[in-house]
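Right, one structure below, let's go through it.
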């Protein structure tokens, strides 16, 4: 039998600000390597991009 639980989280204003900042940093780290761009040809390993491109 599979079971699931739902939880609600009601952060304070300080916690919400910290979570927002943390998730923003995570997006900056996680998304760029996954995004298609001029440095990703789709063939072979990804080529390193110059800073600010791709």
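The values are calculated or read from the model by the stated rules, or taken from the named source; none is laboratory data. Keep in mind that what you see is a predicted model, and the values were worked out from it rather than measured. Methodologically, a virtual Cβ is constructed for each residue, glycine included, from the backbone with ideal geometry; neighbour enumeration extends over all protein chains shown.
Yes or no: the stretch 27-35 includes at least one residue that is at pLDDT 90 or above and assigned to a loop (DSSP other than H, G, I, E, B).
So in the stretch 27-35, the residues at pLDDT 90 or above come out as none.
No.
Inside the stretch 1-26, residues that are part of a loop (DSSP other than H, G, I, E, B) and surrounded by 10 or more Cβ atoms within 10 Å (Cβ to Cβ) make up a count of 1. Could you give me the residue pairs with C-beta distances under 7 Å whose first residue belongs to the stretch 1-22 and is free of Cβ contacts under 8 Å to residues at least 60 places away in the same chain, whose second residue is surrounded by 10 or more Cβ atoms within 10 Å (Cβ to Cβ) and not in a loop (DSSP other than H, G, I, E, B) wherever it lies, and which are 6+ apart or on separate chains? Pairs found: 11/19.
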